[in-house]
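Let me begin by presenting the structure, written as structure tokens, before commenting on it.
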Amino acid sequence: MSSNNSTSITLAILQLQSAFRYPSLILGFTLLIGGVLGNILNIIVFIKAGNYKNNACSLYMFVRTFFDLYVLLVGLTTRILSTGFQMDFTLINRIWCKTRVGFLDINSQSSYTMICLQAIDAFMCSSPSVGIRQMSNIRIARYLIIGTLCFWLTHEIPYFIFQDLVVTGGIPMCIGTNAIFTQYRSYFVAQCIVTIIPIIVISIFGFLTVRHMKTIGVTRLLSSLTRQTISMVLFQIFAALVFNGPNAASLTYSIITADVVKDTYRRAVEQSITSFIATYSYGPYASSFYCYCLSKRFRHQLTVSLKELVFGIHMNRVFPNTQRIRSHD
């Protein structure tokens, strides 16, 4: 009787894993292809428009695009290979084990820092106070970006030291060799730095920005570029909350139930759901372009940039004197 129950539970777990595997793969490939394409188009638009050279918020968006590309190409690609095709290179290569998540965290944490800086900059740009609006400038933005990258590089140094490929009972495992640092990453980094803190920051400043934008006197003072970047930031804040919210809930649940005794089927259910949410949480890195496209001005810049990129050489040959006549909205 117990043998029959064990067999039925095993079959149920296999069916459950199969049911989650294919949607997770479809979601992963969708985010990967759509995200890489979108971020490449972002780079083209920002370079062609050149707004990032003089506008702090545009600079944050432009730099963040490169962080997002890395996370998608390295993080999401290897996740698809490991969860969908059982090809986990961290269990084969020691260098990859020690560096993959470390560099991935540097880029993902820098990306979320850029979202927070965008939200803060949008708040400052939309403020009725002239003094606060003047705090948004390109020089400070450059220092903050350099400081962000240096901070997260320094923060991840212990990971490169303590993470290692260990063989236990003939089974290779890529794990942390320092218990204290492992707990720090599991509880504080995963729960606070990656989820709770960004959600709180972008929620607060997003709300304050929306309140500012409802003031007619403020919106009249803003340039069209500033209004555009503020709307793009608000769309991105909404996307970050939609994609990061389930991940925050999943991590919170895991911490709360860490000491709960769970049967085999419950563990399988939770692992399948957690795996799907982990793939879903790559959404913020893949969605920026599509959020920006909700701005009419950005869509116009995209059209102009693609026309220049595709037909620029031909136009230069036929109409050499029209090169300078462009739209620089």
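We did not get these values from a lab; they are worked out from the coordinates using the rules stated. Computed from a prediction, not measured in an experiment: that's the story for all the values here. Cβ sites come from the backbone with ideal geometry, for glycine too, and all protein chains shown count toward neighbours.
Here are the numbers for the structure shown:
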{"item": "Isolated Cys in the chain, by beta carbon distance under 4.7 Å", "result": "CYS57, CYS116, CYS125, CYS150, CYS192, CYS291, CYS293"}
{"item": "Neighbour net charge for SER254 - beta-carbon separation under 15 angstrom, K R +1, D E -1", "result": "+2"}
{"item": "Euclidean distance between Cα centres, region 87-124 to region 160-191, Å", "result": "17 Å"}
{"item": "Within the chain, longest stretch clear of exposed trypsin sites (Lys or Arg not before Pro) (DSSP loop, no more than 16 other Cβ within 10 Å)", "result": "1-213"}
{"item": "Sequence of ILE95, ILE115, ILE40 once ranked by neighbouring C-beta atoms within 10 Å, starting from the fewest", "result": "ILE95, ILE40, ILE115"}
{"item": "Estimated 222 nm signal from helices in the chain, with DSSP H stretches of n ≥ 4 weighted -39500 (n - 2.57), rounded to 500", "result": "-25000 deg cm²/dmol"}
{"item": "Non-local Lys pairs in the chain, i.e. 8 or more apart or on different chains, that have alpha carbons under 30 Å apart", "result": "7"}
{"item": "Counted charge near SER129, where neighbours are those whose Cβ lies closer than 15 Å (Asp, Glu -1; Lys, Arg +1)", "result": "+1"}
{"item": "Stokes-Einstein D for region 9-77, Kirkwood Rh over Cα pairs, 25 °C, 0.890 mPa s (µm²/s)", "result": "174 µm²/s"}
{"item": "Amide hydrogen neighbours beyond the local backbone of CYS174, cut-off 5 Å, H modeled", "result": "VAL166"}
{"item": "Region 10-318 - convex hull of alpha carbons, volume per residue in Å³", "result": "166 Å³"}
{"item": "The chain: DSSP helices with Cα axial extent of at least 20 Å and average Kyte-Doolittle hydropathy no lower than 0.0", "result": "2-49, 56-70, 94-125, 138-155, 197-213, 224-256"}
{"item": "Selected from ILE80, ILE44, ILE92 as most flexible by GNM, with the chain as the system and alpha-carbon contacts under 10 Å", "result": "ILE92"}
